[in-house]
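Engineer: Pasting a structure below so you can have a look.
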Amino acid sequence: MRFSQIAGFLTLSAAISLVPGCGNNGGEQPAQTVSAHDRATAPEQDLITATDIIEADANPGEWLSHGRTYSEQRFSPLATITAENAGDLGLAWSFDLGTSRGIEATPIVHDGIIYVTANWNVVHALDATTGKEIWRYDPKVDKSRAAILCCDVVNRGVAIWGDKVYMGTIDGRLIAIDAKNGEAAWDVGTVDLSKPYSITGAPRIVKGKVIIGNGGAELGVRGYVTAYDAETGDQLWRFYTVPGNPAEGHENKLMKRIAQTWTGRWWEVGDGGGTVWDSMAYDPELDLFYIGVGNGSPWNHQLRSPDGGDNLFLSSIVALRPDTGEYVWHYQTTPAETWDFTATQHMILADLEVDGAVRKVIMQAPKNGFFYVLDRENGELLSAQNFVPVNWATHIDMETGRPAEIAAARWPGKQPYGQLPGPLGAHNWHPMSYSPDTGLVYIPAQEAPWAYGEDPDFTYKDNLWNTGSDFFYSALPTEAAQFKAAKAALKGRLLAWDPVKQEAVWAVEHGGPWNGGVLSTAGGLVFQGTADAHFAAYDARTGEKKWRFFTQTGIVAAPISYKIGDDQYVAVAAGWGGSFVLGYGGVFPTGSEAKLGRILAFKLAANGSLPELENVAGPIDVPALITADPDIIAAGQRAYGDYCSVCHGDQAYSSGLVPNLRFSPMTADEEAWRSVVVEGALAPLGMPDFSGLIDEETAAAIRAYVISEANSGRDKAFYEEIAKQ
């Protein structure tokens, strides 16, 4: 059953892939470290302490932590900009990050300086009033690591503490930078570089400890989170999220206990997974630190745990003691995870009245499509309800806390299953927001189906995607009518959700999925950027659009708000990229320019403008059609799906973030193609080195498939016409 068949059954039909940050840098110029001679010096700043973050509402003009506060509510108490005057917003300033890949960072603002990361982990310190660069720090990451990470060479921002700025890098380092002059204070490795670990998430700092996780489950790693001394970089503790090889001995009694929820030899087929690649939160009153744990490695539960088992702590919220990393409690959102249903999505702490009593809760809307409200003191499930349509479970059993699964959704060993949500999730990493004024959570929700099917030829391969799912089943249809239906199935919306009643209050429909994170404010507004290159303000109670600005490039990051003098600013990092864009941005264009990356800051009565877009498209030479046996092309299509599609796009049609293979001179030149695919000639630029994995026969088959697609008649005009439907 191909995806096009499943589409009719679901009346949804679409194929979404999670995507590694592979390929070269799309032609961008590498950022250069500003030398000490050229580097401007930031003005003297107050040292950031725990009290500053805990009492953030006493200084609402700053944005000192990833979610503004430890509770991660992403609510600004500033109210100069309101639902009544939002129409007077204008561009105050913009700063070009000099990049052509996705921008996912949440800026940090302190003492009039805004700190933000671009891709390849370049950090910029800017004047928050004018956007003028004060300093820039380039850690010069190993770009070859881009071939073994998911998803794109992105970073979600920095943390600030004392007089330093902290960042995790895609090559697994944690770096402390002097906030005044942009020079590195210390730089420590946090991962085993022989394994495909990476860091894309922002650190959190609690009680002088810099806490950071990592990514890499799709490619085969064992997840953990680590705390480092903020002053020295010394490792203080490490908490593993899944057990290791029992023969090597478990680190502690907890690991021995959770190993009983695993079967088989998981350490040989992917190391278990469970990476802590994004969301964290902290309750200073309870002194509990919360982490969200990711998917299994491989996805396919039957491969990593063939005799069953829940596989703790995959897809779980886990509460720890920040001083020691001691385990306190957990709640598993998706036991025996087999769909890439991570629980790494944004977590929010709040106090809600539930059944007549005020409860300290933690809320999450993870990939699996259910909105969870838990007691954050003990992990008790208080309520759960799906916030998008789902067809893998009917409900969450309130007695057991487990999902009531639909049997057919357990896809291994059965017919492929067309499912909603798919691995892109009902809500991905894009942060949501909670407004204590309205009592609503604002979710960047989406519908993106997927066809799961077992890979009959699965063999674990080091440093490559090891999902155990055959992506062939989710290949997009090529017929125009079915292709239009597939596009129509992709949906995205800004959803206002009542977490007490567990119901939607209002929704704003967007043109598709993969829209930006959310900010709510005391001015009665909700801000969100979208895939179609706009940034907008909505009435927080009704969803009525109050203002909109064309940003030229799609927005996936979340906005912030800060105040300088009498002016309230709303700022957002704009740059179209990430997993959906790499895989499907070419075949589902949004009208967004792919090769822009900026910080945009808005305030009332400003009238700035962005530079006009230049049309840089030149003549395109389609590779000459080569004669190949249909069986060879079919083999090339399957191999392309296994090795290439997650970067270079479905149907070999790239979004533009990495080279479009249909029109690449490498495709036209047989020897050049072989040198790249078989010999790894472009590995230093982030293109995977497939030597030893792809033989010359397979490489030639992939080339034959790409050339057949280039001559298929489905060109840019075809996809753009589909996008208008």
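Read-outs: derived from the displayed coordinates by stated rules, not from any lab. Predicted model, so just to flag it, every value in this text is computed and none were measured. FYI the Cβ positions are ideal-geometry reconstructions off the backbone, even for glycines, and counts take in every protein chain you see.
Engineer: In a shell of Cβ-Cβ distance under 15 Å around GLY565, excluding GLY565 itself, what net charge do Lys and Arg (+1) and Asp and Glu (-1) give? List each step's numbers first, then the result.
Structural biologist: Details: positive: LYS563, LYS603; negative: GLU62, ASP111, ASP127, ASP566, ASP567.
Net of charged neighbours comes to -3.
Engineer: Could you tell me which of the pairs LYS180/LYS209; LYS143/LYS595; LYS132/LYS209 are separated by over 24 angstrom between their Cα atoms in the structure shown?
Structural biologist: Details: LYS180/LYS209 21 Å; LYS143/LYS595 18 Å; LYS132/LYS209 31 Å.
The answer is LYS132/LYS209.
Engineer: Less than 20 Å apart at the alpha-carbon level, and either on another chain or at least 8 residues along: which aspartates and glutamates does that give for LYS487?
Structural biologist: GLU447, GLU479, GLU509, ASP532, GLU593, ASP650, GLU709, ASP715, GLU720, GLU721
Engineer: Here's something else I'd like to know. So how far, in whole Å, is the C-alpha centre of the range 44-61 from the one of the range 413-433?
Structural biologist: 38
Engineer: In addition: So, in Å, what gap is there between the alpha-carbon centers of the range 130-196 and the range 309-365?
Structural biologist: Centre-to-centre (Cα) distance: 28 Å.
Engineer: Within 10 Å of each residue's Cβ, count the other Cβ atoms and sort LEU320, LEU604 from fewest upward. Display every interim value, and only then the final one.
Structural biologist: Details: LEU320 23, LEU604 18.
Final ranking by Cβ density, sparse to dense: LEU604, LEU320.
Engineer: Go ahead and run the numbers for FRET between ALA507 and ASP621, Cβ-Cβ distance against an R0 of 51 Å, rounding to 0.05.
Structural biologist: On the way: r = 45 Å, r/R0 = 0.88.
For R0 = 51 Å, the calculated efficiency reads 0.70.
Engineer: With the crude spin-label approximation of a point 7 Å out along Cα→Cβ, what separation in nm comes out for ALA58 versus VAL358?
Structural biologist: According to this spin-label approximation, the distance is 2.0 nm.
Engineer: Here's something else I'd like to know. Using a Cα-Cα cut-off of under 22 Å, which lysines could be cross-linked to LYS360, ignoring same-chain neighbours fewer than 8 residues away?
Structural biologist: Those lysines meeting the cut-off are LYS207, LYS501.
Engineer: Still on this model: Enumerate the helices in the chain for which the Kyte-Doolittle hydropathy averages 1.0 or more and the C-alpha atoms extend at least 24 Å along the helix's axis, using complete DSSP H runs.
Structural biologist: Long hydrophobic helices here: none detected.
Engineer: Using only helices, what value at 222 nm comes out for the chain when you add -39,500 (n - 2.57) per DSSP H run of length 4 or more and divide by the total residues, to the nearest 500 deg cm²/dmol?
Structural biologist: On the way: 12 runs with 93 residues, N = 725.
Theoretical 222 nm ellipticity from helices: -3500 deg cm²/dmol.
Engineer: So, counting K/R as plus one and D/E as minus one, what does the shell of residues with Cβ under 15 Å around ALA147 add up to? Don't skip to the end; give the middle numbers.
Structural biologist: On the way: positive: ARG101, LYS143, ARG145, LYS195, LYS461; negative: ASP142, ASP152, ASP171, GLU218, ASP462, ASP642, GLU679, ASP689.
Net charge around ALA147: -3.
Engineer: Another question about this same structure. Would you compute, for the Cα atoms of the range 630-724, the largest minus smallest coordinate along each principal axis and list the three values in descending order, in whole Å?
Structural biologist: Computed over the range 630-724, the largest-to-smallest principal extents equal 43, 32, 22 Å.
Engineer: Extension gain THR400-ASN245, at 0.36 nm per residue separation less the Cα-Cα distance, in nm?
Structural biologist: Numbers: separation 155, 0.36 × 155 = 55.80 nm, distance 2.94 nm.
Gain in length upon complete extension: 52.9 nm.
Engineer: Still on this structure, I have one more. Of the listed pairs LYS195/LYS461; LYS414/LYS484; LYS563/LYS603, which have alpha-carbon separations greater than 19 Å here?
Structural biologist: Details: LYS195/LYS461 12 Å; LYS414/LYS484 28 Å; LYS563/LYS603 10 Å.
Cα-Cα > 19 Å for LYS414/LYS484; rest within.
Engineer: Now for a different question. First measure r as the distance between the Cβ atoms of ASP631 and ASP695, then evaluate 1/(1 + (r/R0)^6) with R0 = 22 Å and state the FRET efficiency to the nearest 0.05. Don't jump to the answer; show the numbers that get you there.
Structural biologist: Numbers: r = 17 Å, r/R0 = 0.75.
The pair ASP631/ASP695 has a calculated efficiency of 0.85.
Engineer: Taking +1 at the Cβ of each Lys and Arg and -1 at the Cβ of each Asp and Glu, which of PRO322, LEU596, TYR372 sits farthest along the dipole of the chain towards its positive end, judged by Cα position relative to the Cα centre?
Structural biologist: TYR372
Engineer: Could I ask something else about it? Starting with the fewest neighbours, write out LEU286, LEU657, LEU47, LEU149 ranked by other beta-carbon atoms found within 10 Å of each beta-carbon.
Structural biologist: Numbers: LEU286 15, LEU657 31, LEU47 11, LEU149 27.
Ranked by crowding around the Cβ, least crowded first: LEU47, LEU286, LEU149, LEU657.
Engineer: Continuing with the same structure: In whole Hz, what ³J(HN,Hα) sequence does the range 95-107 give by Karplus (6.51, -1.76, 1.60; θ = phi - 60°), x for Gly and Pro?
Structural biologist: Here the 3J(HN,Hα) series is 10, 7, 7, x, 9, 10, 10, x, 10, 10, 7, 9, x Hz.
Engineer: Now for a separate question. When Lys and Arg each count +1 and Asp and Glu each count -1, what net charge do the other residues less than 15 Å away from THR129, Cβ to Cβ, add up to? Let's see the in-between values first.
Structural biologist: On the way: positive: LYS132, LYS563, LYS603; negative: GLU62, ASP111, ASP127, GLU133, ASP566, ASP567.
The answer is -3.
Engineer: Among (1) 1.19; (2) 1.02; (3) 0.89, which is the computed Cα Rg over 2.2 N^0.38 Å?
Structural biologist: (3)
Engineer: Right, something else. Multiply the residue separation of SER675 and ALA605 by 0.36 nm, subtract the distance between their alpha-carbon atoms, and state the gained length in nm to one decimal. If you can, show how the numbers build up before the last one.
Structural biologist: Numbers: separation 70, 0.36 × 70 = 25.20 nm, distance 5.58 nm.
Length gained between SER675 and ALA605: 19.6 nm.
Engineer: So for the pair ASP163, THR80, with labels modelled 7 Å out along Cα→Cβ, what separation do we get in nm?
Structural biologist: For ASP163 paired with THR80, the spin-label model returns 3.0 nm.
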